[in-house]
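First up is the structure itself, then whatever we jot down about it.
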There are 2 protein chains.
Amino acid sequence: MGREIPVAGHLVRFDTHPDPIAVPPGTLIGDAARQAGIEIRQPCGGQGRCGRCAVQVESGRVRRRSILRLSKADLDAGYALACQTVIEGDVSVRVPPPELIERRLTTEQTAPEVEVPAGYNAAYVQTIQCATVQMSPPTMDDQTDDWERLLTALRVETGVDRLNTSLEQLRTLGATLREADWKVSVTFDTTCEPPCLIGIEPANDATLWGLAIDIGTTTVSVWLVDLSSGEVKAQATDYNRQIARGEDVISRIIYASKNDGGEELRTLVLESINTLTKAACAQAEVAPEAVVKATLSGNSTMMHLLLGLPPQSIRLEPFVTAINHPPLLCAREVGLEIHPYGRVDVLPGVASYVGADITAGVLSNGMRSSESVRLFIDVGTNGEIVLGSSDWLVTCACSAGPAFEGAGVLHGIRADRGAIEEVWIDGDTYEPTFQVIGRTKPRGFCGSGLISLLAEMFLTGVVDKSGHFDLSLETPRVRKGENGPEYVVCWADASETGEDLAITRTDIDNLLRAKAAIYAGFTILADRVGMDLKDAEQVLIGGAFGKYINVEKAIEIGLLPDMDWDRFQFLGNTSVRGAYLALLDREARAAVAQIASAMTYIELSADNTFYDAFTSALFLPHTDLSRFPSVTAAMAT
Amino acid sequence: MGREIPVAGHLVRFDTHPDPIAVPPGTLIGDAARQAGIEIRQPCGGQGRCGRCAVQVESGRVRRRSILRLSKADLDAGYALACQTVIEGDVSVRVPPPELIERRLTTEQTAPEVEVPAGYNAAYVQTIQCATVQMSPPTMDDQTDDWERLLTALRVETGVDRLNTSLEQLRTLGATLREADWKVSVTFDTTCEPPCLIGIEPANDATLWGLAIDIGTTTVSVWLVDLSSGEVKAQATDYNRQIARGEDVISRIIYASKNDGGEELRTLVLESINTLTKAACAQAEVAPEAVVKATLSGNSTMMHLLLGLPPQSIRLEPFVTAINHPPLLCAREVGLEIHPYGRVDVLPGVASYVGADITAGVLSNGMRSSESVRLFIDVGTNGEIVLGSSDWLVTCACSAGPAFEGAGVLHGIRADRGAIEEVWIDGDTYEPTFQVIGRTKPRGFCGSGLISLLAEMFLTGVVDKSGHFDLSLETPRVRKGENGPEYVVCWADASETGEDLAITRTDIDNLLRAKAAIYAGFTILADRVGMDLKDAEQVLIGGAFGKYINVEKAIEIGLLPDMDWDRFQFLGNTSVRGAYLALLDREARAAVAQIASAMTYIELSADNTFYDAFTSALFLPHTDLSRFPSVTAAMAT
């Protein structure tokens, strides 16, 4: 202020530096920071890929060349990638501590902000109703029985004149009515007919709580919801304790079929849910007994294991479930430690490998309210894909195998502390830079790390389009190891395990098969409805996997279709969000059932064009390069 | 046969005597027997009251002056009272061994013949349906889930496309369908909407069994029914094990309110039911698990205790139940040891003291199909009375107290072995003759014995119309005892207890109050609808008490209205018969609910004319003698 500055230049103020820096127009924020002597980490070498250089533009005009890894909320808060953002006026920039960025990128322990759906305050849409009714006490002239007296009062108050009830609930009815001096609050679930009684208590206006739960094969997420306001008051996430008995659905199904394996798996997932519920309730200072409803989503195997339904037929041709639309259940019956008569609504699935996680995902991802066609993918052990609009939906499940979850790969591990989650390879030296979850010594590669590594190896020529190593390269990192040709990412002395962390030819084959299965799924769905994948308005990516995936690299290996990055939208856990909507809103709950019924399921293993589509996709990025123009361009540079 | 016989005389052949006896026309069978030297016991002195002289007329013409104590089945089988039956032609007579007669009169261990209701073979009326369905196995082109596959096949077969099911039932679904090679028999209950699944089994045509159960305060009766044919295949009856914890409903309610009393009573009645069920099943060689439905009736207190519902409010003004129309329940939930998912249908009641036993009674007694007005009475600890026709029904409960069940009377006992059940007093000597159940030494008086004794004392002048003893009579049997004036029926040396068995003034007061309460009930009901009791076409008497009651004596003490004997009809256990009909037939089941809703209940303790009616009835037979012309006539003789 008052100091001379170069004509047509801009002033940049960094919160971590005392003085403003003058820079010419068009300077990148990263370059301005370097000029000021401020260290902003750029592990990907300023390629706009890693998201680690995110800064917050507090005021002033900038232009973002890329917004990769920034959410809408990030953008609204002014976040920008220092390596990709051009200064176009005087700006103030905050440089967040690296831990904060790291945390944002690698975990989701902070509660995502959940928007309460519009119109939720309209009581008629709520699935749980609570009516306070005042009865006249019985007299010698009016000896109506307790239950009928309650129903009569309820009819006057709400129009509801029948309630499903259990013997146990009737056993405490008389005492409650009398203790409450004939004024009680009646809570019931209106998603079934007749509505289902949950509880009768002395009149009160206590908050009613609900849970939206997603049971993933790897992770269980629980949201604690204030059913009156729709607000999410607490969230808790942890590994599914079943993991100890098998990492993917297939191994769990096999485990379930042995001795008491099914019962053991049921107990384990219940432990996970109940522990998380307790944690979420403690966080919001709510008694678990105040939770009157839980709406659950998850894949069909998880739902079967939770309910104690034998999952064997899911695994065996012709792959059928015991039930896709389970009835409304009671917490005590299921084993959830909430209100004993709390209702448990297990959302409907479509098929053995397209479960409630997908129908809930479609509910929450907005596909059903868009007339233009969108593509939805939820990648985990399996990749479930849905293509459609408000008019139609087709779906399929690609048995990608667990490669993207780190299994079936020599040094593959889950996306956990010590996992290499992103790799950059220098095109000249073939030396890698990598990012490790938790910033510790690496133990192995998680899914996103493998995608990243494969893309970098391909683009730098470490492997060719078939995934074959170029053993002629002048680097000790490409070598013939015990397991055949391999590329060493981390030498033994720098690894947590004391071993060289390498990717082998076999690993690459597994990854190619996994990505080919998924891409073939896209192809088949598009072919079935006679459209070009490119015509999809948006690609919606759900699931935990989708939170960290690097779109650019996923396109480079031919896992995702080649489209502009801004058409990819990362939605995080669409399954728990769908459960949340169905928990709150009868119409949303009815919509999930409708989605489940309306979805056309295509069984890929019964599709005779699948094998061709799969083998064509076994190359990097694909046999048909015209499908991947951006990759072709990148290969040319 | 070739032998000369007196002109205009008749030949009588007794099966116990070698030669026919010739008698003049108009001879009583009893006199003919005496002439032949055959002993036929006549403890009532040939007054046609005791029924002990019943013989079987195998051929020939007779005229029965009285048919007291003979059922329609007895008459069809040719039974006649030897003391009341006039010989009008050549006859053959079988004299049954006395034990047989005794057994017929004092117990009902033999199965009453139950007529299968007409039209029952129309499948649409059956409450339980079993459909055998053949499904196509799942294929890669048809991956419908197991449950939906079953429902689809069921819809084609029966039109039923939804079934209520439990998680437990779904858990075995997949294995059953596959073991059965996709051809199964599905059993479900159609009395609720949607119908309720009971079982899925490999296709079979096994018989489906049901139970009709009456839970009386004193006695539990179980009928085992073939649900296809409607036939009753076995019956079992025993005391309600709750008796050990209180003889009447009031003392059981009090017991239930102490500590775990309610749970103990629930366990006891379940033991009774389950033991009887086992016995009935053993008798018909049926596995209890083959029983898929139980329909229960009983008074409101019994129903509450069975279901574990607190009965306290039944006893306390304003006398209300927890629930009059319980929901359809599951055998496992209730504790019945039949098919675990067998449905338990507890029939609806009307009020605290007009329970399902009465609605079931009305269903089975035919009142609802008659345009003329009938009176129905079920006398036990309480006397429930229903007056009405196909157009209307009014009901009330008279708290008669337990006097007629032998309680509240010095030497009163239940109608069990050793109970004096009938008494005759010689009008000149005041010496009694009496009949003891089981033909043993007497221990005390049961209800029918007390009615009989009171009537005889009144008619012979031992007591006056107020029940006061005439201490001037020249007999040692009328005396002032420890407990005031009394009449000794059995001296100590002849009694089982070694005590004089006497009836005291206090006993008489209790009996008068009991009978006055019941008669006042008749009066109030008739007054309310503005009719004369005499205009009732029939008096239908139900309940165990009604099986042995001597109408003549009951009229003489003013317990029953004074009407021609042939208008009284003894129906036995109308409650279990009503349960049987509701078990078999959806329309009958709907009719019970309709009866329960349509019945106008009159609370006598809230009726301001009740006290007058009651005090007027405290006399023998009544203050208003014009109500009892036949008794007035008998008193004059």
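FYI, it's all coordinate maths here, none of it is from the lab. None of these values were measured; they are calculated from a predicted model. Backbone-built Cβ (ideal geometry, glycine too); neighbour counts: all protein chains shown.
Once the principal axes of the Cα atoms of segment B:403-508 are found, what is the range along each, listed largest first in whole angstroms?
The Cα atoms of segment B:403-508 stretch 34, 25, 25 Å along the principal axes, largest first.
Would you pull out the residues with amide H under 5 Å of A:LEU208's amide H, same chain only if 5 or more places away, H placed 1.01 Å from N?
A:LEU227, A:SER228
For A:ASP493, go 7 angstrom from Cα along the Cα-to-Cβ vector, then report the distances to that same point in the other copies in nm, smallest first.
For A:ASP493, the other copies' label points sit at 12.4 nm, shortest first.
Using the 7 Å Cα-to-Cβ label point, sort the distances from B:GLY438 to its equivalents in the other copies shortest first and give them in nm to one decimal.
Copy-to-copy label distances for B:GLY438: 8.1 nm.
Where in segment A:253-338 are there GluC sites (Glu not before Pro) that are in a DSSP coil and have at most 11 other Cβ atoms within 10 angstrom of their Cβ?
A:GLU285
Could you work out how far helix A:167-179 tilts from the main Cα principal axis of chain A, as a 0 to 90 degree angle to the nearest 10?
Approximately 70 degrees, to the nearest 10.
What residues qualify as long-range amide H neighbours of B:GLY216, i.e. H under 5 Å apart, gap of 5 or more or another chain, H built at 1.01 Å from N?
When sequence neighbours closer than 5 places are left aside, the close amide H contacts are B:SER221.
According to the square roots a ≥ b ≥ c of the eigenvalues of the Cα gyration tensor, what is the shape class of segment B:149-293, taking rounded for a/c under 1.5, prolate for a/b larger than b/c otherwise, and oblate for the remainder?
prolate
Give the relative contact order (percent, whole number) for chain A; include only Cα pairs under 8 Å separated by 6+ residues.
11 percent
Calculate one ³J(HN,Hα) per residue across segment B:351-362 by plugging θ = phi - 60° into the Karplus curve 6.51 cos²θ - 1.76 cosθ + 1.60, and present them in order as whole Hz with x for glycine and proline.
These are the phi-based 3J(HN,Hα) values: 7, 4, 10, 10, x, 5, 4, 7, 5, 5, x, 5 Hz.
Please compare each pair in A:LYS293/B:LYS293; B:LYS72/B:LYS441; A:LYS465/A:LYS515; A:LYS293/B:LYS258; A:LYS441/A:LYS553; B:LYS72/B:LYS515 to a cut-off of 25 Å on the Cα-Cα distance and tell me which ones are over it.
Over 25 Å Cα-Cα: A:LYS293/B:LYS293; B:LYS72/B:LYS441; A:LYS293/B:LYS258; B:LYS72/B:LYS515.
Report D for segment B:125-183 in µm² per second (integer): Stokes-Einstein, Kirkwood Rh on Cα pairs, 10 °C, 1.306 mPa s.
The calculation lands on 129 µm²/s.
Under the convention of a label 7 Å out along Cα→Cβ, give the distances in nm from A:GLU537 to the same position in every other copy, shortest first.
Result for A:GLU537, in nm, nearest copy first: 7.5.
Compute the Cα gyration tensor for segment A:519-601, then decide on rounded, prolate or oblate, letting a ≥ b ≥ c be the square roots of its eigenvalues: rounded whenever a/c is under 1.5, prolate when a/b is larger than b/c in the other cases, and oblate in all that remain.
oblate
In whole Hz, what ³J(HN,Hα) sequence does segment B:574-585 give by Karplus (6.51, -1.76, 1.60; θ = phi - 60°), x for Gly and Pro?
The phi angles translate into 6, 5, 5, 5, x, 4, 4, 5, 5, 5, 7, 9 Hz.
Taking the Cβ of A:THR609 as the centre, find all other residues whose Cβ is under 15 Å away and add up their charges (Lys, Arg: +1; Asp, Glu: -1).
With Lys, Arg at +1 and Asp, Glu at -1, the neighbours total -4.
Distance from the Cα centre of segment A:257-303 to that of segment B:236-266, in angstrom?
41 Å
Binned at 20 Å from 0, what are the whole-percent values of the Cα-Cα distance distribution for the protein assembly as shown, short to long?
Pair shares across the bins are 10, 29, 24, 17, 12, 7, 2, 0, 0.
In degrees between 0 and 90, to the nearest 10, how far off the longest principal axis of chain A does helix A:586-598 point, with axes built from Cα atoms?
60 degrees
Specify whether the C-alpha gyration tensor of segment A:550-637 places it in the rounded, prolate or oblate class, a ≥ b ≥ c being the square roots of the eigenvalues: rounded for a/c under 1.5, otherwise prolate if a/b is larger than b/c and oblate if not.
It comes out oblate by the Cα gyration axes.
Would you grab the residues whose amide H sits under 5 Å from the one on B:GLU58? Only those 5+ places off in sequence or on another chain, please, with H modelled 1.01 Å from N.
Distant-sequence amide H within range of B:GLU58: B:SER92, B:VAL93, B:ARG94.
Work through the residues other than A:VAL91 whose Cβ is under 15 Å from its Cβ and net out their charges, Lys, Arg +1 and Asp, Glu -1.
My count for the surroundings of A:VAL91 gives -1.
Using θ = phi - 60° and the Karplus curve 6.51 cos²θ - 1.76 cosθ + 1.60, what whole-Hz ³J(HN,Hα) does each residue of segment A:326-340 get, with Gly and Pro shown as x?
Calculated HN-Hα couplings, in order: x, x, 5, 10, 10, 3, 5, 5, 7, x, 7, 8, 10, 4, x Hz.
Please report how far the C-alpha centroid of segment A:486-516 lies from that of segment B:553-607, rounded to the nearest whole angstrom.
Each part reduced to its Cα centre gives a spacing of 86 Å.
Let me have the relative contact order for segment B:174-323, percent, based on Cα pairs under 8 Å that are six or more residues apart.
Computed over segment B:174-323, the figure is 22 percent.
List the GluC sites (Glu not before Pro) in segment A:402-494 that DSSP assigns to loop (not H, G, I, E or B) and whose Cβ has at most 11 other Cβ atoms within 10 Å. Which are they?
A:GLU474, A:GLU482
Considering only DSSP states other than H, G, I, E and B, which chymotrypsin sites (Phe, Trp or Tyr not before Pro) in segment A:349-397 qualify as loop sites with at most 15 other Cβ atoms within 10 Å?
Sites meeting the loop and neighbour criteria: A:TRP392.
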